[in-house]
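Notes to accompany the following structure.
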Amino acid sequence: MTDSANLKWYVLRAISGKENKVKEYLESEMKNSDLGQYVHQVLIPTEKVYQIRNGKKIAKERNYMPGYVLIEANLFGEVIHRVKNIPNVLGFLGEKNKIPTPIRPSEVNRILGTMDELQESEEEILTPFYKGDNVKVTYGPFSGFTGTIDEVNTEKKKLKVMVTIFGRKTPLELSFTQVEKE
């Protein structure tokens, strides 16, 4: 491995959605060739997101900086060109005279700190519900009833659903987990 004093963080621009392929390719190159002497770490900033599908909560990882891959490396000469020529890599962020500019340690700490916070943070549920959607109540005393969404409160993860009971529209306040889309 290289001297840790020479290692700096750089941001690789990648084709959006191909960040994992770039990371896999870089890691395989690090194992199979001498690139491992110059590139120390490869990171993709991700966050955990929860979606509700068919009444079940599903955990999913999502990039919070799409199109970017962070690498900790000692870049010089031919190493820069080898990293740039990896499939799906567009180049480095902040290149001056074809030489990549490292990001400041404060920026690295902020990104890595944000990544840690997002991994440990409270469950964030993606809102698959919008005003006017038809939903069916799946849990609680009104299960089996259908209605339309009148309000969506993403902070409290609650919905106001207008349900017809005895011929009259009645508002119900339900959580995201108590309903499913029709």
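Computed from the coordinates by the stated procedures, all read-outs in this text should not be read as laboratory data. Worth saying up front: this structure is predicted, and the values here are computed from it rather than measured. Heads up, the Cβs are rebuilt from the backbone with ideal geometry, glycines too, and the neighbour counts pull from every protein chain shown.
For the stretch 23-67, the residues whose amide N sits under 20 Å from a probe point set 7 Å from the Cα of residue 139 along the beta carbon direction are 49-60. For residue 25 and residue 146, the FRET efficiency from 1/(1 + (r/R0)^6), where r spans their Cβ atoms and R0 equals 30 Å, is about 0.05. Near residue 9, once Lys and Arg are set to +1 and Asp and Glu to -1 for all other residues with Cβ below 13 Å from its Cβ, the sum equals +1. Here is the list for the stretch 51-85: chymotrypsin sites (Phe, Trp or Tyr not before Pro) lying in DSSP coil, each with at most 15 other C-beta atoms within 10 angstrom of its C-beta, are 64, 76.
Translational diffusion of the stretch 8-120, estimated by Stokes-Einstein from the Kirkwood radius over alpha carbon pairs at 4 °C in a medium of 1.567 mPa s, is 86 µm² per second. Distance between the 7 Å Cα→Cβ label points at residue 130 and residue 6: 5.3 nm. Counting 0.36 nm for each residue step from residue 182 to residue 95 and taking away their Cα separation leaves a gain of 26.3 nm.
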